[in-house]
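Here the structure is laid out as C-alpha coordinates; the discussion comes afterwards.
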Amino acid sequence: MGYDEAIVHLGDFGRYQKIIYFLICLTSIPVAFHKLASVFLLAKPDFRCALPFENGSTYDLSPQLWNLSFPQGVRCEYYDVDYSDEYLNGSIPRSSNKTKSCSQYVYDQSTYLNSAVTEWDLVCGKESLAATSDCIFMFGVLLGSIVFGQMSDKYGRKPILFASLVIQVFFGILAGVAPDYFTYTFARLMVGATTSGVFLVAYVVAMEMVGPDKRLYAGIFVMMFFSVGYMLTAAFAYFVHDWRWLQIALTLPGLIFMCYYWIIPESARWLLSKGRKDCAIANMQKAARFNRVEVTNETLSDLLDEGETSEEKAKQKLEDKDEDEGPSPSVWDLFCYPNLRRKTLLIFLDWLVTSGVYYGLSWNTNNLGGNVLLNFVISGAVEIPAYIFLLLTLNRWGRRSILCGCLVMAGLSLLATVIIPEHMHSFVVACAMLGKLAITASYGTVYIFSAEQFPTVVRNVGLGAASMVARISGMMTPYLNYLGTIWKPLPLLICGSLSLAAGLLSLLLPETHNQPMLETIADGERFGKKTKGDVYLETGQELRESPETQPLKGSADTNGGKTNGQKY
(Lines give C-alpha, C1' and ligand atoms only; values in the text may rest on other atoms or scores of the structure.)
Protein backbone atom coordinates (compact mmCIF):
# COMPACT_ATOMS: atom_id res chain seq x y z
CA MET A 1 0.00 0.00 0.00
CA GLY A 2 1.06 3.65 0.31
CA TYR A 3 3.12 4.93 -2.61
CA ASP A 4 2.90 1.64 -4.51
CA GLU A 5 -0.89 1.87 -4.39
CA ALA A 6 -0.80 5.54 -5.37
CA ILE A 7 1.23 4.70 -8.49
CA VAL A 8 -1.71 2.66 -9.78
CA HIS A 9 -3.98 5.71 -9.51
CA LEU A 10 -1.48 7.72 -11.57
CA GLY A 11 -1.81 5.36 -14.51
CA ASP A 12 0.64 2.74 -13.22
CA PHE A 13 3.62 2.85 -15.63
CA GLY A 14 2.00 5.52 -17.75
CA ARG A 15 3.32 7.80 -20.47
CA TYR A 16 4.91 10.23 -18.00
CA GLN A 17 6.72 7.48 -16.11
CA LYS A 18 7.93 5.92 -19.35
CA ILE A 19 9.40 9.19 -20.61
CA ILE A 20 11.13 9.99 -17.32
CA TYR A 21 12.38 6.41 -17.04
CA PHE A 22 13.79 6.54 -20.59
CA LEU A 23 15.54 9.85 -19.92
CA ILE A 24 17.02 8.46 -16.71
CA CYS A 25 18.24 5.34 -18.51
CA LEU A 26 20.11 7.49 -21.04
CA THR A 27 22.44 8.72 -18.28
CA SER A 28 23.87 5.18 -18.08
CA ILE A 29 25.42 5.61 -21.54
CA PRO A 30 28.17 8.13 -20.59
CA VAL A 31 28.89 6.02 -17.52
CA ALA A 32 29.81 3.18 -19.88
CA PHE A 33 31.92 5.63 -21.93
CA HIS A 34 34.10 6.50 -18.97
CA LYS A 35 34.33 2.99 -17.50
CA LEU A 36 35.49 1.44 -20.76
CA ALA A 37 37.39 4.31 -22.40
CA SER A 38 40.72 3.16 -20.97
CA VAL A 39 40.78 0.31 -23.50
CA PHE A 40 41.55 3.02 -26.08
CA LEU A 41 42.99 5.81 -23.91
CA LEU A 42 45.68 3.51 -22.51
CA ALA A 43 46.08 1.26 -25.53
CA LYS A 44 49.60 -0.10 -25.89
CA PRO A 45 50.60 -0.70 -29.52
CA ASP A 46 53.69 -2.58 -30.59
CA PHE A 47 56.85 -0.55 -30.00
CA ARG A 48 60.61 -0.61 -30.26
CA CYS A 49 63.55 1.59 -29.39
CA ALA A 50 64.31 4.56 -31.62
CA LEU A 51 67.76 3.71 -32.97
CA PRO A 52 70.59 6.32 -33.06
CA PHE A 53 70.67 6.55 -36.86
CA GLU A 54 66.90 7.16 -37.17
CA ASN A 55 65.15 10.47 -37.54
CA GLY A 56 61.36 10.20 -37.50
CA SER A 57 61.35 6.60 -38.76
CA THR A 58 58.31 4.38 -39.01
CA TYR A 59 57.86 1.31 -36.84
CA ASP A 60 58.69 -1.21 -39.55
CA LEU A 61 62.27 -2.40 -40.01
CA SER A 62 63.67 -4.97 -42.37
CA PRO A 63 64.51 -8.35 -40.78
CA GLN A 64 68.19 -7.60 -41.29
CA LEU A 65 67.99 -4.34 -39.34
CA TRP A 66 66.04 -6.07 -36.55
CA ASN A 67 68.82 -8.64 -36.17
CA LEU A 68 71.54 -5.98 -36.29
CA SER A 69 69.81 -3.70 -33.76
CA PHE A 70 67.94 -5.81 -31.18
CA PRO A 71 68.68 -8.99 -29.26
CA GLN A 72 66.10 -11.69 -30.04
CA GLY A 73 62.82 -11.11 -28.17
CA VAL A 74 64.01 -7.82 -26.63
CA ARG A 75 62.42 -4.44 -27.43
CA CYS A 76 63.45 -2.27 -24.51
CA GLU A 77 67.19 -2.42 -25.30
CA TYR A 78 69.31 -2.24 -28.43
CA TYR A 79 72.91 -3.14 -29.20
CA ASP A 80 75.37 -0.50 -28.05
CA VAL A 81 77.46 -0.34 -31.22
CA ASP A 82 78.46 2.18 -33.85
CA TYR A 83 75.60 2.16 -36.38
CA SER A 84 77.76 3.11 -39.36
CA ASP A 85 76.78 2.50 -42.95
CA GLU A 86 79.27 -0.36 -43.09
CA TYR A 87 77.69 -2.03 -40.04
CA LEU A 88 74.13 -1.54 -41.29
CA ASN A 89 74.86 -3.00 -44.73
CA GLY A 90 76.58 -6.00 -43.15
CA SER A 91 80.13 -5.17 -44.27
CA ILE A 92 81.53 -5.39 -40.74
CA PRO A 93 80.39 -7.70 -37.91
CA ARG A 94 79.00 -6.58 -34.56
CA SER A 95 81.86 -5.71 -32.25
CA SER A 96 79.98 -6.19 -28.94
CA ASN A 97 76.86 -7.81 -27.48
CA LYS A 98 76.45 -5.06 -24.89
CA THR A 99 73.05 -3.40 -24.92
CA LYS A 100 71.73 0.03 -24.08
CA SER A 101 68.33 1.04 -22.68
CA CYS A 102 65.96 3.00 -24.86
CA SER A 103 65.87 6.78 -24.59
CA GLN A 104 63.11 7.17 -27.19
CA TYR A 105 60.54 4.85 -28.73
CA VAL A 106 58.89 4.25 -32.07
CA TYR A 107 55.28 2.98 -32.00
CA ASP A 108 53.21 1.04 -34.50
CA GLN A 109 50.44 3.41 -35.64
CA SER A 110 48.58 0.93 -37.84
CA THR A 111 45.89 0.39 -35.15
CA TYR A 112 46.16 3.43 -32.85
CA LEU A 113 47.32 6.88 -33.89
CA ASN A 114 48.39 7.58 -30.32
CA SER A 115 47.39 7.00 -26.70
CA ALA A 116 48.39 8.12 -23.24
CA VAL A 117 50.83 5.22 -23.24
CA THR A 118 52.61 6.41 -26.38
CA GLU A 119 52.61 10.07 -25.33
CA TRP A 120 54.17 9.43 -21.92
CA ASP A 121 56.13 6.31 -22.93
CA LEU A 122 54.43 4.01 -20.41
CA VAL A 123 56.37 1.00 -21.66
CA CYS A 124 59.31 -1.12 -20.58
CA GLY A 125 60.02 -0.17 -16.95
CA LYS A 126 56.88 2.02 -16.75
CA GLU A 127 54.34 -0.47 -18.10
CA SER A 128 52.72 -0.95 -14.70
CA LEU A 129 51.79 2.75 -14.56
CA ALA A 130 49.03 2.19 -17.12
CA ALA A 131 47.55 -0.60 -14.97
CA THR A 132 47.92 1.60 -11.89
CA SER A 133 45.91 4.36 -13.57
CA ASP A 134 43.03 1.95 -14.22
CA CYS A 135 43.31 0.64 -10.67
CA ILE A 136 42.99 4.17 -9.28
CA PHE A 137 39.98 4.75 -11.54
CA MET A 138 38.25 1.71 -10.01
CA PHE A 139 39.20 2.97 -6.54
CA GLY A 140 37.33 6.13 -7.46
CA VAL A 141 34.31 3.98 -8.39
CA LEU A 142 34.49 2.45 -4.90
CA LEU A 143 34.71 5.85 -3.19
CA GLY A 144 31.87 7.23 -5.31
CA SER A 145 29.55 4.37 -4.43
CA ILE A 146 30.07 5.13 -0.74
CA VAL A 147 30.06 8.94 -0.83
CA PHE A 148 27.38 9.62 -3.43
CA GLY A 149 25.14 6.83 -2.15
CA GLN A 150 25.03 8.36 1.32
CA MET A 151 24.67 11.90 -0.02
CA SER A 152 21.72 10.94 -2.23
CA ASP A 153 19.94 9.52 0.82
CA LYS A 154 20.61 12.71 2.76
CA TYR A 155 20.23 15.52 0.21
CA GLY A 156 18.02 13.91 -2.44
CA ARG A 157 18.42 12.01 -5.69
CA LYS A 158 18.12 14.98 -8.06
CA PRO A 159 20.81 17.35 -6.67
CA ILE A 160 23.37 14.54 -6.33
CA LEU A 161 22.66 13.31 -9.86
CA PHE A 162 23.35 16.76 -11.32
CA ALA A 163 26.31 17.42 -9.06
CA SER A 164 27.81 14.14 -10.29
CA LEU A 165 27.18 15.10 -13.92
CA VAL A 166 28.83 18.52 -13.51
CA ILE A 167 31.88 17.05 -11.76
CA GLN A 168 32.08 14.30 -14.37
CA VAL A 169 32.14 16.76 -17.28
CA PHE A 170 34.73 19.01 -15.61
CA PHE A 171 37.20 16.26 -14.72
CA GLY A 172 36.50 14.37 -17.96
CA ILE A 173 37.69 17.39 -19.94
CA LEU A 174 40.61 17.85 -17.53
CA ALA A 175 41.71 14.27 -18.24
CA GLY A 176 41.68 15.11 -21.95
CA VAL A 177 43.96 18.15 -21.55
CA ALA A 178 46.11 16.77 -18.71
CA PRO A 179 49.76 17.80 -19.19
CA ASP A 180 51.17 14.77 -17.38
CA TYR A 181 50.38 11.27 -16.13
CA PHE A 182 49.61 12.29 -12.55
CA THR A 183 47.07 14.97 -13.54
CA TYR A 184 45.43 12.52 -15.91
CA THR A 185 45.23 9.81 -13.25
CA PHE A 186 43.76 12.18 -10.64
CA ALA A 187 41.16 13.40 -13.12
CA ARG A 188 40.26 9.80 -13.96
CA LEU A 189 39.92 9.07 -10.23
CA MET A 190 37.31 11.81 -9.95
CA VAL A 191 35.54 10.65 -13.10
CA GLY A 192 35.42 7.12 -11.67
CA ALA A 193 33.80 8.44 -8.50
CA THR A 194 31.15 10.32 -10.49
CA THR A 195 30.25 7.24 -12.55
CA SER A 196 28.99 5.73 -9.31
CA GLY A 197 27.13 8.94 -8.49
CA VAL A 198 25.39 9.02 -11.88
CA PHE A 199 24.66 5.32 -12.34
CA LEU A 200 23.78 4.57 -8.72
CA VAL A 201 21.36 7.49 -8.41
CA ALA A 202 19.85 6.87 -11.85
CA TYR A 203 19.33 3.21 -10.98
CA VAL A 204 17.68 4.08 -7.66
CA VAL A 205 15.41 6.71 -9.26
CA ALA A 206 14.39 4.25 -11.98
CA MET A 207 13.56 1.60 -9.38
CA GLU A 208 11.70 4.03 -7.12
CA MET A 209 9.33 5.25 -9.81
CA VAL A 210 7.81 1.83 -10.63
CA GLY A 211 5.75 -0.64 -8.66
CA PRO A 212 7.11 -3.87 -7.14
CA ASP A 213 6.01 -6.06 -10.06
CA LYS A 214 8.06 -4.02 -12.55
CA ARG A 215 11.27 -3.52 -10.56
CA LEU A 216 13.05 -6.52 -12.08
CA TYR A 217 12.42 -5.19 -15.59
CA ALA A 218 13.26 -1.61 -14.61
CA GLY A 219 16.63 -2.66 -13.18
CA ILE A 220 17.55 -4.87 -16.14
CA PHE A 221 16.73 -2.23 -18.75
CA VAL A 222 18.94 0.34 -17.00
CA MET A 223 21.81 -2.14 -17.41
CA MET A 224 20.92 -2.62 -21.08
CA PHE A 225 21.45 1.10 -21.69
CA PHE A 226 24.90 0.70 -20.11
CA SER A 227 25.58 -1.99 -22.72
CA VAL A 228 24.49 0.43 -25.47
CA GLY A 229 27.03 2.92 -24.15
CA TYR A 230 29.58 0.11 -24.15
CA MET A 231 29.12 -0.41 -27.90
CA LEU A 232 28.99 3.32 -28.70
CA THR A 233 32.42 3.74 -27.11
CA ALA A 234 33.85 1.78 -30.04
CA ALA A 235 32.02 4.08 -32.48
CA PHE A 236 33.73 7.12 -30.93
CA ALA A 237 37.10 5.34 -31.09
CA TYR A 238 36.49 4.52 -34.76
CA PHE A 239 36.03 8.18 -35.74
CA VAL A 240 38.32 9.88 -33.19
CA HIS A 241 41.87 8.57 -33.29
CA ASP A 242 43.67 11.03 -31.04
CA TRP A 243 43.34 9.90 -27.41
CA ARG A 244 42.90 13.44 -26.00
CA TRP A 245 40.09 14.30 -28.39
CA LEU A 246 38.56 10.90 -27.74
CA GLN A 247 38.44 11.57 -23.99
CA ILE A 248 36.85 14.98 -24.58
CA ALA A 249 34.39 13.55 -27.14
CA LEU A 250 33.28 10.90 -24.65
CA THR A 251 32.80 13.56 -21.97
CA LEU A 252 30.87 16.25 -23.87
CA PRO A 253 27.61 14.22 -24.20
CA GLY A 254 27.28 14.73 -20.45
CA LEU A 255 26.41 18.38 -21.17
CA ILE A 256 23.16 17.24 -22.79
CA PHE A 257 21.91 15.91 -19.48
CA MET A 258 22.23 19.31 -17.81
CA CYS A 259 18.82 20.21 -19.25
CA TYR A 260 17.37 17.38 -17.19
CA TYR A 261 17.39 19.73 -14.22
CA TRP A 262 14.12 21.24 -15.49
CA ILE A 263 12.64 17.88 -16.55
CA ILE A 264 13.50 15.17 -14.03
CA PRO A 265 11.50 15.43 -10.78
CA GLU A 266 12.79 14.55 -7.35
CA SER A 267 11.97 10.99 -6.29
CA ALA A 268 8.56 10.97 -4.62
CA ARG A 269 9.65 8.06 -2.43
CA TRP A 270 12.60 10.08 -1.14
CA LEU A 271 10.36 13.11 -0.49
CA LEU A 272 7.98 10.94 1.51
CA SER A 273 10.85 9.44 3.50
CA LYS A 274 11.84 12.99 4.50
CA GLY A 275 8.29 13.98 5.47
CA ARG A 276 7.78 16.29 2.47
CA LYS A 277 4.42 14.86 1.48
CA ASP A 278 3.13 18.08 -0.13
CA CYS A 279 6.06 18.13 -2.58
CA ALA A 280 5.56 14.43 -3.32
CA ILE A 281 1.85 14.97 -4.05
CA ALA A 282 2.69 17.93 -6.34
CA ASN A 283 5.07 15.72 -8.36
CA MET A 284 2.49 12.95 -8.50
CA GLN A 285 -0.19 15.35 -9.72
CA LYS A 286 2.14 16.47 -12.50
CA ALA A 287 2.46 12.84 -13.59
CA ALA A 288 -1.32 12.36 -13.38
CA ARG A 289 -2.00 15.38 -15.60
CA PHE A 290 0.51 14.22 -18.20
CA ASN A 291 -1.09 10.76 -18.16
CA ARG A 292 -4.53 12.39 -18.45
CA VAL A 293 -5.67 10.85 -15.20
CA GLU A 294 -7.80 12.69 -12.67
CA VAL A 295 -7.01 12.03 -9.03
CA THR A 296 -7.62 14.37 -6.11
CA ASN A 297 -5.01 15.50 -3.62
CA GLU A 298 -7.19 14.04 -0.87
CA THR A 299 -7.12 10.58 -2.47
CA LEU A 300 -3.35 10.66 -2.82
CA SER A 301 -2.95 11.97 0.71
CA ASP A 302 -5.13 9.19 2.13
CA LEU A 303 -3.19 6.51 0.24
CA LEU A 304 0.14 7.93 1.39
CA ASP A 305 -1.12 8.28 4.96
CA GLU A 306 -2.11 4.62 4.92
CA GLY A 307 1.37 3.70 3.73
CA GLU A 308 2.99 5.91 6.39
CA THR A 309 0.84 4.30 9.07
CA SER A 310 1.93 0.83 8.00
CA GLU A 311 5.58 1.91 7.91
CA GLU A 312 5.33 3.52 11.33
CA LYS A 313 3.85 0.35 12.79
CA ALA A 314 6.59 -1.74 11.21
CA LYS A 315 9.25 0.68 12.44
CA GLN A 316 7.82 0.66 15.97
CA LYS A 317 7.71 -3.12 15.89
CA LEU A 318 11.38 -3.27 14.93
CA GLU A 319 12.30 -0.76 17.64
CA ASP A 320 10.44 -2.78 20.24
CA LYS A 321 12.17 -5.93 19.05
CA ASP A 322 15.58 -4.23 19.20
CA GLU A 323 14.92 -3.13 22.76
CA ASP A 324 14.09 -6.72 23.72
CA GLU A 325 17.03 -8.21 21.86
CA GLY A 326 19.73 -5.69 22.75
CA PRO A 327 22.23 -4.34 20.17
CA SER A 328 21.12 -4.35 16.54
CA PRO A 329 22.72 -7.01 14.33
CA SER A 330 25.66 -5.86 12.18
CA VAL A 331 27.69 -7.24 9.30
CA TRP A 332 30.00 -8.91 11.82
CA ASP A 333 27.13 -11.19 12.85
CA LEU A 334 27.45 -12.78 9.41
CA PHE A 335 30.79 -14.23 10.54
CA CYS A 336 29.80 -15.25 14.08
CA TYR A 337 27.88 -18.40 13.16
CA PRO A 338 29.27 -21.29 11.10
CA ASN A 339 26.54 -21.77 8.48
CA LEU A 340 26.02 -18.04 7.98
CA ARG A 341 29.77 -17.48 7.76
CA ARG A 342 30.13 -20.21 5.14
CA LYS A 343 27.36 -18.75 2.99
CA THR A 344 28.69 -15.19 3.37
CA LEU A 345 32.19 -16.19 2.24
CA LEU A 346 30.75 -18.03 -0.77
CA ILE A 347 28.68 -14.97 -1.72
CA PHE A 348 31.72 -12.72 -1.39
CA LEU A 349 33.64 -15.12 -3.64
CA ASP A 350 30.88 -14.95 -6.26
CA TRP A 351 30.98 -11.14 -6.23
CA LEU A 352 34.78 -11.08 -6.33
CA VAL A 353 35.00 -13.43 -9.31
CA THR A 354 32.02 -12.04 -11.23
CA SER A 355 33.23 -8.44 -11.05
CA GLY A 356 36.85 -9.30 -11.75
CA VAL A 357 36.05 -11.50 -14.74
CA TYR A 358 33.52 -9.02 -16.17
CA TYR A 359 35.98 -6.13 -16.19
CA GLY A 360 38.84 -8.42 -17.10
CA LEU A 361 37.04 -9.45 -20.28
CA SER A 362 35.82 -5.93 -21.01
CA TRP A 363 39.33 -4.48 -20.80
CA ASN A 364 41.10 -7.42 -22.45
CA THR A 365 39.73 -7.08 -25.99
CA ASN A 366 43.09 -5.74 -27.23
CA ASN A 367 44.70 -9.10 -26.49
CA LEU A 368 42.19 -11.27 -28.38
CA GLY A 369 43.69 -10.67 -31.82
CA GLY A 370 41.90 -9.66 -35.00
CA ASN A 371 39.98 -6.37 -35.29
CA VAL A 372 40.11 -4.63 -31.90
CA LEU A 373 37.06 -2.42 -32.50
CA LEU A 374 34.95 -5.33 -33.72
CA ASN A 375 35.92 -7.40 -30.69
CA PHE A 376 34.95 -4.51 -28.44
CA VAL A 377 31.53 -4.07 -30.08
CA ILE A 378 30.79 -7.78 -29.85
CA SER A 379 31.83 -7.75 -26.19
CA GLY A 380 29.19 -5.11 -25.51
CA ALA A 381 26.55 -6.62 -27.79
CA VAL A 382 26.55 -10.02 -26.07
CA GLU A 383 25.36 -8.35 -22.88
CA ILE A 384 21.93 -7.68 -24.40
CA PRO A 385 20.98 -11.37 -24.85
CA ALA A 386 22.40 -12.05 -21.40
CA TYR A 387 19.93 -9.60 -19.84
CA ILE A 388 17.07 -10.93 -21.98
CA PHE A 389 17.92 -14.41 -20.73
CA LEU A 390 17.59 -13.17 -17.14
CA LEU A 391 14.24 -11.54 -17.85
CA LEU A 392 12.90 -14.84 -19.18
CA THR A 393 14.35 -17.20 -16.59
CA LEU A 394 15.18 -15.43 -13.34
CA ASN A 395 11.68 -15.79 -11.90
CA ARG A 396 11.15 -19.28 -13.36
CA TRP A 397 14.34 -21.20 -12.70
CA GLY A 398 16.32 -21.37 -9.49
CA ARG A 399 18.77 -18.58 -8.70
CA ARG A 400 21.46 -21.09 -7.77
CA SER A 401 21.14 -23.07 -11.00
CA ILE A 402 21.40 -19.90 -13.14
CA LEU A 403 24.36 -18.52 -11.18
CA CYS A 404 26.20 -21.83 -11.15
CA GLY A 405 25.44 -22.58 -14.80
CA CYS A 406 26.54 -19.15 -16.00
CA LEU A 407 29.78 -19.18 -14.01
CA VAL A 408 30.64 -22.70 -15.16
CA MET A 409 29.86 -21.80 -18.78
CA ALA A 410 32.04 -18.70 -18.49
CA GLY A 411 34.85 -20.76 -17.00
CA LEU A 412 34.77 -23.48 -19.64
CA SER A 413 34.53 -20.96 -22.49
CA LEU A 414 37.51 -18.96 -21.27
CA LEU A 415 39.61 -22.05 -20.59
CA ALA A 416 38.88 -23.20 -24.15
CA THR A 417 40.61 -20.07 -25.48
CA VAL A 418 43.91 -21.31 -24.03
CA ILE A 419 43.98 -24.52 -26.09
CA ILE A 420 42.82 -22.95 -29.37
CA PRO A 421 45.78 -22.11 -31.66
CA GLU A 422 46.53 -18.39 -31.72
CA HIS A 423 46.10 -18.10 -35.50
CA MET A 424 42.46 -19.22 -35.13
CA HIS A 425 41.58 -15.92 -33.52
CA SER A 426 37.93 -16.09 -34.67
CA PHE A 427 37.38 -19.13 -32.44
CA VAL A 428 39.28 -17.45 -29.62
CA VAL A 429 37.04 -14.40 -29.87
CA ALA A 430 33.89 -16.57 -30.06
CA CYS A 431 34.80 -18.44 -26.87
CA ALA A 432 35.75 -15.23 -25.08
CA MET A 433 32.45 -13.59 -26.06
CA LEU A 434 30.46 -16.63 -24.91
CA GLY A 435 32.26 -16.27 -21.60
CA LYS A 436 31.38 -12.56 -21.55
CA LEU A 437 27.70 -13.34 -22.14
CA ALA A 438 27.69 -15.89 -19.31
CA ILE A 439 29.52 -13.68 -16.81
CA THR A 440 27.15 -10.78 -17.57
CA ALA A 441 24.17 -13.01 -16.78
CA SER A 442 25.81 -14.15 -13.55
CA TYR A 443 26.44 -10.49 -12.61
CA GLY A 444 22.72 -9.80 -12.89
CA THR A 445 21.85 -12.92 -10.90
CA VAL A 446 24.25 -12.44 -8.01
CA TYR A 447 22.50 -9.20 -6.96
CA ILE A 448 19.16 -10.92 -6.37
CA PHE A 449 20.64 -14.17 -5.06
CA SER A 450 22.71 -12.32 -2.45
CA ALA A 451 19.76 -10.20 -1.32
CA GLU A 452 17.76 -13.36 -0.70
CA GLN A 453 20.61 -15.07 1.18
CA PHE A 454 21.14 -12.28 3.71
CA PRO A 455 18.60 -11.83 6.54
CA THR A 456 16.59 -8.59 6.53
CA VAL A 457 18.32 -7.19 9.62
CA VAL A 458 21.71 -7.21 7.84
CA ARG A 459 20.68 -7.25 4.19
CA ASN A 460 21.79 -3.73 3.29
CA VAL A 461 25.13 -3.94 5.06
CA GLY A 462 25.69 -7.44 3.69
CA LEU A 463 25.10 -6.29 0.12
CA GLY A 464 27.27 -3.24 0.75
CA ALA A 465 30.12 -5.44 1.95
CA ALA A 466 29.72 -7.75 -1.06
CA SER A 467 29.76 -4.75 -3.39
CA MET A 468 32.99 -3.51 -1.79
CA VAL A 469 34.57 -6.92 -2.37
CA ALA A 470 33.53 -6.62 -6.02
CA ARG A 471 35.18 -3.21 -6.30
CA ILE A 472 38.40 -4.63 -4.85
CA SER A 473 38.54 -7.25 -7.60
CA GLY A 474 37.80 -4.49 -10.11
CA MET A 475 40.86 -2.63 -8.82
CA MET A 476 42.97 -5.75 -9.30
CA THR A 477 41.74 -6.38 -12.86
CA PRO A 478 44.19 -3.99 -14.62
CA TYR A 479 47.09 -5.92 -13.13
CA LEU A 480 45.47 -9.17 -14.26
CA ASN A 481 45.42 -7.89 -17.85
CA TYR A 482 49.03 -6.71 -17.39
CA LEU A 483 49.93 -10.41 -17.06
CA GLY A 484 49.09 -10.69 -20.76
CA THR A 485 52.48 -9.12 -21.46
CA ILE A 486 54.06 -12.25 -19.94
CA TRP A 487 51.85 -14.75 -21.77
CA LYS A 488 48.88 -13.55 -23.84
CA PRO A 489 46.38 -16.30 -22.79
CA LEU A 490 47.27 -15.95 -19.07
CA PRO A 491 44.48 -13.44 -18.15
CA LEU A 492 41.82 -15.62 -19.77
CA LEU A 493 43.27 -18.72 -18.11
CA ILE A 494 43.03 -17.10 -14.67
CA CYS A 495 39.53 -15.72 -15.33
CA GLY A 496 38.32 -19.09 -16.59
CA SER A 497 39.75 -21.01 -13.64
CA LEU A 498 38.21 -18.60 -11.12
CA SER A 499 34.82 -18.68 -12.85
CA LEU A 500 34.74 -22.46 -12.95
CA ALA A 501 35.74 -22.76 -9.29
CA ALA A 502 33.22 -20.12 -8.15
CA GLY A 503 30.44 -21.75 -10.18
CA LEU A 504 31.00 -25.18 -8.64
CA LEU A 505 31.30 -23.75 -5.13
CA SER A 506 27.99 -21.92 -5.66
CA LEU A 507 26.29 -25.32 -5.46
CA LEU A 508 27.04 -25.22 -1.74
CA LEU A 509 24.63 -22.30 -1.32
CA PRO A 510 20.97 -23.10 -0.65
CA GLU A 511 18.35 -22.32 -3.30
CA THR A 512 16.30 -19.20 -2.51
CA HIS A 513 13.79 -19.27 -5.37
CA ASN A 514 10.22 -19.45 -3.98
CA GLN A 515 11.53 -19.63 -0.42
CA PRO A 516 10.28 -17.40 2.44
CA MET A 517 12.42 -14.30 2.96
CA LEU A 518 14.87 -14.53 5.85
CA GLU A 519 14.23 -12.00 8.62
CA THR A 520 16.57 -12.61 11.55
CA ILE A 521 20.14 -13.79 12.09
CA ALA A 522 18.64 -17.03 13.42
CA ASP A 523 16.76 -17.56 10.15
CA GLY A 524 19.95 -16.97 8.20
CA GLU A 525 21.89 -19.48 10.28
CA ARG A 526 19.19 -22.15 9.94
CA PHE A 527 18.57 -21.66 6.21
CA GLY A 528 20.39 -24.32 4.24
CA LYS A 529 21.81 -25.99 7.30
CA LYS A 530 21.67 -29.76 6.95
CA THR A 531 20.60 -30.69 10.46
CA LYS A 532 17.84 -32.93 11.69
CA GLY A 533 15.80 -30.17 13.27
CA ASP A 534 15.75 -27.81 10.32
CA VAL A 535 12.50 -28.47 8.49
CA TYR A 536 10.92 -25.98 6.11
CA LEU A 537 7.30 -26.01 5.12
CA GLU A 538 6.00 -25.25 1.66
CA THR A 539 6.77 -22.03 -0.15
CA GLY A 540 5.63 -18.91 1.70
CA GLN A 541 4.96 -20.80 4.95
CA GLU A 542 6.59 -20.35 8.34
CA LEU A 543 9.80 -21.91 9.56
CA ARG A 544 8.96 -24.80 11.87
CA GLU A 545 10.33 -24.25 15.36
CA SER A 546 12.20 -27.14 16.94
CA PRO A 547 14.65 -27.57 19.84
CA GLU A 548 17.55 -27.33 17.39
CA THR A 549 16.30 -24.08 15.82
CA GLN A 550 15.88 -21.79 18.79
CA PRO A 551 16.78 -18.11 18.21
CA LEU A 552 20.48 -17.35 18.40
CA LYS A 553 21.83 -14.89 20.92
CA GLY A 554 20.87 -11.32 20.14
CA SER A 555 18.67 -12.36 17.22
CA ALA A 556 15.32 -13.59 18.48
CA ASP A 557 12.66 -14.39 15.90
CA THR A 558 9.71 -12.15 15.48
CA ASN A 559 6.20 -13.42 16.10
CA GLY A 560 7.43 -16.41 18.01
CA GLY A 561 9.97 -17.56 15.41
CA LYS A 562 7.78 -17.00 12.36
CA THR A 563 8.71 -15.27 9.15
CA ASN A 564 6.25 -13.37 7.06
CA GLY A 565 7.42 -14.61 3.65
CA GLN A 566 7.81 -11.05 2.35
CA LYS A 567 9.89 -10.73 -0.78
CA TYR A 568 12.75 -8.23 -0.87
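The values are calculated or read from the model by the stated rules, or taken from the named source; none is laboratory data. Computed from a predicted model, the values in this text were never measured in an experiment. Neighbour counts run over all protein chains shown; Cβ positions are idealised from the backbone, glycine included. We work out accessible area using only protein heavy atoms, side chains counted, and drop any ligands, DNA or RNA first. Shrake-Rupley method; radii C 1.70, N 1.55, O 1.52, S 1.80 Å.
Here is how the numbers come out for the structure above:
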read-out	value
In Å², nearest 10: area of Val147 left accessible to a 1.4 Å probe	70
Scattering profile of segment 126-228 at q = 0.13, 0.16, 0.18 Å⁻¹ [log10 I(q)/I(0), Debye over alpha-carbon scatterers]	-0.53, -0.74, -0.88
Shape of segment 1-155, Cα gyration tensor, a/c cut at 1.5	prolate
Whole-number percent relative contact order across the chain, with pairs defined as alpha carbons under 8 Å at least 6 apart	17
Carbon plus sulfur fraction of accessible area for segment 344-461, probe 1.4 Å, in percent	70
Within the chain, helix-based [θ] at 222 nm, where runs of 4 or more DSSP H residues each add -39,500 (n - 2.57), nearest 500	-20000 deg cm²/dmol
Given [x] 51, 29, 19; [y] 57, 40, 19; [z] 48, 24, 18, the label whose value is semi-axes √(5λ) of the Cα gyration tensor in Å derived from this model	[x]
Ranked packing of 377-388, 44-55, most packed first, by mean Cβ within 10 Å	377-388, 44-55
Peptides 430-442, 99-111 ordered by average Cβ neighbours within 10 Å, highest first	430-442, 99-111
When each of Lys44/Lys98; Lys158/Lys436; Lys436/Lys488; Lys44/Lys100 is checked by Cα-Cα distance, pairs over 29 Å	Lys158/Lys436
Asp242 versus Met468: modelled label distance in nm, points set 7 Å from Cα along the beta carbon direction	4.3
Solution diffusion estimate, µm²/s, Stokes-Einstein, segment 323-444, Kirkwood Rh from C-alpha pairs, 20 °C, viscosity 1.002 mPa s	132
Protein accessible area in segment 46-186, 1.4 Å probe - carbon and sulfur %	54
Between helix 490-505 and the chain: long-axis angle, C-alpha atoms, 0 to 90°, nearest 10	20
Angle in degrees between helix 128-155 and the longest Cα principal axis of the chain, rounded to the nearest 10	20
Net charge dipole size for the chain [Lys, Arg +1 and Asp, Glu -1 on Cβ; Debye, nearest 20]	420
Projected-area average for segment 481-531 over all orientations - Cα convex hull basis, square nanometres	5.6
Residue-normalised accessible area of the chain, expressed per residue, 1.4 Å probe, Å²	46
With Cα atoms, 0 to 90° folded angle of helix 425-453 axis to the chain main axis	30
The chain - Cys residues lacking any other Cys C-beta under 4.7 Å	Cys25, Cys135, Cys259, Cys279, Cys336, Cys404, Cys406, Cys431, Cys495
